[in-house]
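**Q** Quick one: the structure is below, questions incoming.
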Amino acid sequence: MKEASYWIDTVNKTYQYPSITSNIETDILIIGAGMTGLSCAYHLTKYNKQVTVVEADTIGYGASGRSTGKLTAQHGPIYHMLIESIGLQQTKLHYQAQKQALFEIKTICKKHSIPIFNSDTMLYATTLQGKQCLQDEYQAYIDLQIPCSFIDHVSHIPNCIAALKMHGQATFHPYHFLQELSSIITKQQGVIYENSHVSQVLKQPDQTYAVTCNGYTIKANTVICATQVPIIDHGHLYVTKMQCEQEHIYAISNMMMPVCLQIDDQKYSFHTYEKTLLFVHNNHKSGIPYSSNTMPGYLDLKACTHHWSSSDYTTIDKLPFIGPIDKNNPHLLFASGYGKWGNTNGYFAGKLLCDYVMQQHSPYHSLYSPFRKLPYLSSAYLKENIQNMTNFLKGHLYFFDEELPQPLQGKKIRKNHHTYGAYREEDGTLYIVDITCPHLGCICNFNEIDKTWDCPCHGSRYSYKGDVVKGPTTSKLNTYTQSCNHIDPHIFEKR
């Protein structure tokens, strides 16, 4: 079994892009070449805008290339809860956004011969409490005029006692889609750079932005952060308004199941792409060690070909943040908080960010505004931030031994009154890095599956060598022979 994304492993990287090797100027700079970044570039280049996209790794290699491949507006049992919190009309607007994204992705796939498969999707329950939740969601679908059907029993889904089907959805190959989208963008005169890591974004006296990338400077009139969470914050503390969760995905060959998501505690998810079953489980807070012994017995793990993990942010009101980092500034934008539904949310976010740049009014601006009223007194918000403070304190108060790890083992060690992370490769090569997260100073935990150091507070991830895997951090982990990490959260940089 390969510890790699099925999507990335099964499609050759057709298009190669250079890295930044000099100072450049551009009208619009997009940081991040996943679904949001490439969608935004795709729409902007249709307006003949000068667009540059920079990606720290390669296009689609982050969360977008590690998704489940579902294209659906059925994002768990959320619609009846949204109706209660924001009302019927605003909830209908959110559904229409997902529906529009689904339609446009289907259109692009058809036009450019990208494989996509039409399919209904289902939420299903295995408990009476879950069934009641589905009945509440079914009523919301009726109120929102969503094409659907309620099913009392689905025989080929184990333990299912009720299901809610949403008609007219789809599945696709997300990495293939992003590869082809990048080609379309360059044909529309957009420019893409890979292996180009952004470390700083500063506003200049002339109101442009100076962005440090690979040690070079990119001068841009507008900067868009399409990086899951903004790499700059300006004191708004967006990471405190979201929870970062991680899930594990298995590809199992020659097994078929419908596209479905269990809404009970286990929260299993299934769907079939061609003849491969994608199975998702073990949803947990990113950076917290977990047990992987909850696999259902009816799956043949010997047939697993791939295993990988993915993480994403969920806002406290379950709606994405899409818009300005600073209020009323359309030249510094971001999108985040897709709740693990980044295919439709990410695509739509890219289109809405394009509307901001083009100064086109949209009814979605207020719905997804980062400055909308949020339920700060909710139990979810308080629980998340209390847990983050607890994780911070536990990491700094707990002391570890000095014994080094065995081959293929990662562990925390204590040296010179400081906590480090050590990992030994199979050939005995040892890597020791300072695991104090440079974002806000939490102590990272070792992820045995991905062999990464993951922050339990805000979701930053690092390779065992210390390189950045995903943000919000912008700084790598220093090695044992270097100085301790510098905590530089970009929280209070000048606007």
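**Q** Asn12 to Glu425: extension gain in nm, 0.36 nm per residue of separation minus the Cα-Cα distance? Don't jump to the answer; show the numbers that get you there.
**A** On the way: separation 413, 0.36 × 413 = 148.68 nm, distance 2.75 nm.
So the chain would gain 145.9 nm between Asn12 and Glu425.
**Q** To the nearest 10 square angstrom, what accessible area does Val154 show with a 1.4 Å probe?
**A** Rounded to the nearest 10, the figure is 10 Å².
**Q** At 7 Å along Cα-to-Cβ for each site, give me the label-to-label distance between Leu128 and Asn416 in nm.
**A** Each label point is offset 7 Å from its Cα along the Cβ direction, giving 6.3 nm.
**Q** With all protein chains present, how much of the accessible area of the chain (probe radius 1.4 Å) comes from carbon and sulfur, to the nearest whole percent? Present the calculation step by step, with values, prior to reporting the outcome.
**A** On the way: 10790 of 20920 Å².
Solvent-exposed carbon and sulfur of the chain make up 52 percent of the total.
**Q** Related question: Starting from the range 325-400, pick out the chymotrypsin sites (Phe, Trp or Tyr not before Pro) whose DSSP state is loop and whose Cβ has at most 15 other Cβ atoms within 10 Å. Intermediate results must be reported in sequence, preceding the final value.
**A** On the way: sites: Phe334, Tyr338, Trp341, Tyr347, Phe348, Tyr356, Tyr364, Tyr368, Phe371, Tyr376, Tyr381, Phe392, Tyr398, Phe399, Phe400; in loops: Trp341, Tyr368, Phe371, Tyr376, Tyr398, Phe399, Phe400.
The qualifying sites are Phe371, Tyr376, Tyr398, Phe399, Phe400.
**Q** Could you order Met257, Met1 so the one with the most accessible surface comes first? Probe is 1.4 Å.
**A** Details: Met257 25, Met1 125 Å².
Highest to lowest solvent-accessible surface, that is Met1, Met257.
**Q** Under 21 Å from the Cα of Lys111, which lysines turn up, not counting those fewer than eight places away in the same chain?
**A** Lys13, Lys46, Lys70, Lys99, Lys187, Lys351
**Q** In whole Hz, with x marking every Gly and Pro, tabulate ³J(HN,Hα) for the range 61-76 from phi via Karplus 6.51 cos²θ - 1.76 cosθ + 1.60, θ = phi - 60°.
**A** Each residue of the range 61-76 in turn: 7, x, 4, 5, x, 10, 7, 8, x, 7, 10, 7, 8, 8, 9, x Hz.
**Q** Between His167 and Gln89, what is the label-point separation in nm under the 7 Å Cα-to-beta-carbon projection?
**A** Placing both labels 7 Å beyond Cα along the Cβ direction yields 2.8 nm.
**Q** Given H placed 1.01 Å from N in the peptide plane, which residues other than close sequence neighbours of Lys285 have an amide H under 5 Å from its amide H?
**A** Hits under the 5 Å cutoff: Gln246.
**Q** Quote the accessible area belonging to Glu25 in square angstrom, nearest 10, computed with a 1.4 Å probe and with ligands, DNA and RNA left uncounted.
**A** The accessible area comes out at roughly 130 Å².
**Q** Do the alpha carbons of any pairs in Lys285/Lys327; Lys219/Lys241; Lys110/Lys219; Lys110/Lys165; Lys318/Lys470; Lys131/Lys411 sit beyond 32 Å of each other, and which pairs? All intermediate terms of the calculation are to be shown ahead of the outcome.
**A** Details: Lys285/Lys327 30 Å; Lys219/Lys241 30 Å; Lys110/Lys219 37 Å; Lys110/Lys165 24 Å; Lys318/Lys470 22 Å; Lys131/Lys411 43 Å.
Distance filter (> 32 Å) returns Lys110/Lys219; Lys131/Lys411.
**Q** Using 0.36 nm per residue, how much length does the chain from Asp143 to Met1 gain when fully extended, once their Cα-Cα distance is taken away?
**A** 46.6 nm is the gain from fully extending Asp143 to Met1.
**Q** Can you give the FRET efficiency for Gln100 and Asp467, using 1/(1 + (r/R0)^6), R0 = 35 Å, r = Cβ-Cβ distance, to the nearest 0.05? Don't skip to the end; give the middle numbers.
**A** Numbers: r = 37 Å, r/R0 = 1.06.
Once the sixth-power term is evaluated, E becomes 0.40.
**Q** Find the accessible area per residue for the range 1-94; the probe is 1.4 Å, ligands and nucleic acids are left out, and the unit is Å². Mind showing how you got there, number by number?
**A** Values: 3720 Å² over 94 residues.
Roughly 40 Å² per residue, with all protein chains present.
**Q** Moving on to the next point. Rounded to the nearest 0.05, what FRET efficiency do Gln482 and Leu237 give with R0 = 22 Å and r taken as the Cβ-Cβ distance? Could you check?
**A** On the way: r = 29 Å, r/R0 = 1.33.
Working from the Cβ atoms, E equals 0.15.
**Q** Residue-wise, which Karplus ³J(HN,Hα) couplings in Hz belong to the range 207-224, taking 6.51 cos²θ - 1.76 cosθ + 1.60, θ = phi - 60°, and x for glycine or proline?
**A** Once θ is set to phi - 60°, the couplings for the range 207-224 become 6, 8, 10, 9, 10, 8, 9, 6, x, 9, 10, 10, 9, 9, 7, 9, 10, 10 Hz.
**Q** Here's another thing I want to ask about it. What whole-number value in Å² describes the accessible area per residue of the range 145-209 for a 1.4 Å probe? The partial results should precede the final answer.
**A** Numbers: 2670 Å² over 65 residues.
Ligands and nucleic acids excluded, the result is 41 Å² per residue.
The values are calculated or read from the model by the stated rules, or taken from the named source; none is laboratory data. All values derive from a computational prediction rather than experimental measurement. Methodologically, a virtual Cβ is constructed for each residue, glycine included, from the backbone with ideal geometry; neighbour enumeration extends over all protein chains shown. When the accessible area is computed, the model is the full protein with side chains, heavy atoms only, and any ligands, DNA or RNA have been set aside. Shrake-Rupley method; radii C 1.70, N 1.55, O 1.52, S 1.80 Å.
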